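See below for the structure under consideration.
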Amino acid sequence: MIIDEQVKKLIQMSLREDIGDGDHSSLSCISPDEMGEMKLLVKEDGILCGVDVAREVIRQVDEKIEMEQYMHDGDAIKKGDIVFKLKGPAASMLTAERNVLNYMQRMSGIATSAHEYVEMVKDTHVTLLDTRKTTPNMRIFEKYAVKVGGATNHRFGLYDMMMLKDNHIDFAGGIEKAIDAAIDYQKAHGLNLKIEIETRSLDDVKRVMAHGGVHRIMFDNFTPEQIVEGVKLVDHKYETEASGGIVKETLRDYAVTGVDFVSVGAFTHHIASLDLSLKFVKSL
């Protein structure tokens with residue numbers, strides 16, 4: 001993962017939140033001169049993610065901590081694997097411990113989940129997308145983890161693509177008015193963003209096809225059978241996307257409809273963190 005200034009700042013904020021005016025537990029019982037070794041132990045099979053983030057957490061806590069890395073983001077990991085070892089001031093390693101695990105456990109959980117979904121449909125032509133259903137201030141980490149797992153990022157935020165959803169359409173006064181307003185807005189502001197529009201019925205799809213002006217049509221909460229009909233109506237004139245409550249049990253049914261994309265909010269808002277542990281090895 002690219003550790004840019006934004007990532008560094010987010011990590012700094014997480015450390016400030018956790019440490020406050022001091023890690024009093026470690027400060028009270030461990031000498032500043034105490035040196036030691038710890039290991040990042042895998043306790044559950046999955047896909048590894050977040051090593052670079054962990055390295056930056058450790059650097060910000062104490063640059064005297066050294067990391068010896070054995071595994072990398074995207075690696076398939078098994079219970080008992082050791083991802084890396086740390087050597088350095090014992091108190092500093094304990095101060096970094098929870099943030100290292102918070103990032104790596106969640107990111108590895110997301111990467112593992114995305115990998116499982118992708119494997120289920122790898123023989124189809126469909127592309128799996130994430131959504132904006134992310135943890136506040138964790139989006140850059142969570143969307144990176146989705147990519148590590150083999151899925152694809154949808155728009156990052158509200159600014160890099162226009163998605164006209166049901167509420168936009170209803171407030172604008174209908175599908176046609178919403179599309180026209182989006183086009184006029186882009187012209188007025190010198191923008192060149194893709195426009196995706198949500199449809200709630202096959203009649204909505206027909207209206208979009210008759211009006212034009214978009215790049216992608218989303219079939220929201222359609223059944224797989226309805227999506228087959230929607231794909232026929234679009235006939236490759238626009239990209240198509242299935243969305244709405246799609247989970248592992250139903251994923252395959254949607255993937256084989258002929259739709260181009262399937263968006264899966266569960267990648268980032270309905271996952272379990274992978275079980276990892278940072279454990280004492282020895283004093284030095």
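Figures for the structure shown
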{"item": "Test: residue in the stretch 190-207 that is open to solvent by less than 50 Å² (accessible area, probe 1.4 Å), closer than 30 Å to Thr112 by Cβ and out of contact with any Ser or Thr (no Cβ under 7 Å at 6 or more places or on another chain)", "result": "yes"}
{"item": "Cross-chain or 6+ apart pairs with Cβ under 8 Å, the stretch 181-203 first and among the aromatic types (Phe, Trp, Tyr), then modelled with pLDDT of 95 or more", "result": "Tyr185/Leu191"}
{"item": "Selection count where residues are over 30 Å from Lys206 (Cβ atoms) and more than 9 Å from the chain's Cα centre (by Cα), scope the stretch 152-180", "result": "3"}
{"item": "In the stretch 240-276, residue modelled with the highest pLDDT [restricted to those that are under 20 Å from Asp45 (Cα atoms) and loosely packed, with under 14 Cβ neighbours inside 10 Å]", "result": "Ala272"}
{"item": "Residue among Gln60, Gln69, Gln6 that alone is among the polar types (S, T, N, Q) and closer than 18 Å to Gln105 by Cβ", "result": "Gln69"}
{"item": "Residue pairs meeting the criteria (Cβ under 7 Å; at least 6 apart or on separate chains; first more than 22 Å from Lys85 (Cβ to Cβ), in the stretch 18-39; second charged (D, E, K, R))", "result": "Asp18/Arg98"}
{"item": "Check on Ala210, open to solvent by 30 Å² or more (accessible area, probe 1.4 Å), farther than 18 Å from Thr240 by Cβ and either of a type outside the set (S, T, N, Q) or more than 30 Å from the chain's Cα centre (by Cα) (or both)", "result": "no"}
{"item": "Members of the stretch 3-19 that are part of a loop (DSSP other than H, G, I, E, B) and either aromatic (Phe, Trp, Tyr) or surrounded by 13 or more Cβ atoms within 10 Å (Cβ to Cβ) (or both)", "result": "Ile3"}
{"item": "Entirely in the stretch 57-172, the strands (runs of 3 or more DSSP E) that have 2 or more residues that are open to solvent by 30 Å² or more (accessible area, probe 1.4 Å)", "result": "66-69, 82-89"}
{"item": "Any hit, the stretch 217-239, residues being among the hydrophobic types (A, V, I, L, M, F, W, C), surrounded by 14 or more Cβ atoms within 10 Å (Cβ to Cβ) and in contact (Cβ under 8 Å) with a residue 40 or more places away in the chain", "result": "yes"}
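Matching residues to (1) in contact with a Ser or Thr (Cβ under 8 Å, 6 or more places away or on another chain); (2) under 17 Å from Leu10 (Cβ atoms):
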residue: Val100; (1), (2): no, yes
residue: Tyr117; (1), (2): no, no
residue: Thr135; (1), (2): yes, yes
residue: Ala145; (1), (2): yes, yes
residue: Ala178; (1), (2): no, no
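The values are calculated or read from the model by the stated rules, or taken from the named source; none is laboratory data. Everything numeric in this text was worked out from a predicted model, so none of it was measured. All Cβ positions, glycine included, derive from the backbone under ideal geometry; neighbour counts span all protein chains shown. To get the accessible areas, we keep the full protein, side chains included, count just its heavy atoms, and leave off ligands, DNA and RNA. Shrake-Rupley method; radii C 1.70, N 1.55, O 1.52, S 1.80 Å.
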